[in-house]
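The values are calculated or read from the model by the stated rules, or taken from the named source; none is laboratory data. Computed from a predicted structure; not experimentally measured. Don't worry about glycine lacking a Cβ; one is built from the backbone with ideal geometry, like all the others, and counts go over all protein chains shown. Side chains are part of the model used for accessible areas, which takes the heavy atoms of the whole protein and leaves out ligands, DNA and RNA. Shrake-Rupley method; radii C 1.70, N 1.55, O 1.52, S 1.80 Å.
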Amino acid sequence: METTLSVELIHRRLEQVYERVDRAALSAGRDASEVRLVVVTKKHPVDVIEMACQAGATRLGENYADEAVEKIRALAGIKGVEWHMIGHVQSRKANLICPHFAWLHSLDSLKLAKRLDRFAGEHSLTLPVLMECNVSGEESKFGWAAWQDEMWPDLVTAYDEIVSLPNLEVRGLMTMAPYLPDPEDARPFFRKLRGLQSFLTLRLPQVSWGELSMGMSADFDVAVQEGATWIRVGQAILG
Ligand SMILES: *Cc1c(COP(=O)(O)O)cnc(C)c1O
């Protein structure tokens, strides 16, 4: 999309996303207010992000910790904005997450969890986190191996330690479906994540697994029908 971005255009696209969420929620008998939008601003410069904020975006998602922290500092003057880390975080970058990000959608190892817990504690903060799960088996994907149900008991062992960390608040799961031309083909992966959520709710009931971060520009309608509480949308809003 080579259209020149403007606040008006971004606003219109945001409205279109909300309409799609409303339609998808309605078709599944869900309440659209259960679905929150993260506008993915990765690779976009700060002037574009400023326009997105003026257009009404309040939750912004970034993938690369260093790049994100630079932008967060540059945009510190904008009030009422919440940053979400949605990309893989190397353990040695764990110190960049607290205090810059309100949520981490992509917790994918025990080592990272322990480091995040330590830094969150140093800032006297509690960091809400989602476990990123690989439910497709694609090698290119980060996340806990979870594409076969037989793998799920191993997750309980690892998560049991993570949920006991005092400064992390485990809130649910995140996944990326494989890129498929027909978004309908992403549905089984979203269902699988919801199945894993039910399994973990039984096995680790001491935390709430209620949040599901799933769905991007191409497939968020299907993700909403399958129970997404967070969708992460970039292209459909910022091109
Ligand atoms: C880039 C990205 C998105 C947004 O994808 P779009 O296709 O631009 O909507 C969502 N989640 C993650 C983890 C991403 O890296």
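Screening segment 194-234 for residues that are more than 9 Å from the ligand (Cβ to nearest atom) and among the acidic types (Asp, Glu) and picking the one that is nearest to ILE162 (Cα to Cα) gives GLU211. Figure legend. Inter-residue proximity from segment 146-168: first residues within 14 Å of ARG115 (Cα to Cα) and of a type in the set (S, T, N, Q), second residues modelled with pLDDT of 95 or more and part of a helix (DSSP H, G or I), beta-carbon distance below 6 Å, spacing 6+ or different chains. Indicated pairs: ASN167/ASP117; ASN167/ALA120; ASN167/GLY121.
Of all residues in segment 188-216, those being touching a residue at least 24 places away in the same chain (Cβ under 8 Å) and farther than 19 Å from TRP144 by Cα number 2. Pairing each residue of segment 217-230 that is farther than 12 Å from PRO188 by Cα and without any contact (Cβ under 8 Å) to a residue 24 or more places away in the chain with any residue that is open to solvent by 10 Å² or more (accessible area, probe 1.4 Å) and assigned to a loop (DSSP other than H, G, I, E, B), provided the two are 6+ apart or on different chains, yields C-beta distances under 8 Å for SER217/GLY234.
Taken as a whole, the structure places ILE237 among residues that are touching a Lys or Arg at 6+ places or on another chain (Cβ under 9 Å) and within 13 Å of the ligand (Cβ to nearest atom).
Give segment 24-34 a look and list any residue that's open to solvent by less than 60 Å² (accessible area, probe 1.4 Å) and among the charged types (D, E, K, R), or say none. Once the filter is applied, which keeps residues that are open to solvent by less than 60 Å² (accessible area, probe 1.4 Å) and among the charged types (D, E, K, R), segment 24-34 yields only ARG30. Scanning segment 182-214 for residues that are hydroxyl-bearing (Ser, Thr, Tyr) and over 18 Å from the mean Cα position of the chain (by Cα) yields SER198, THR201.
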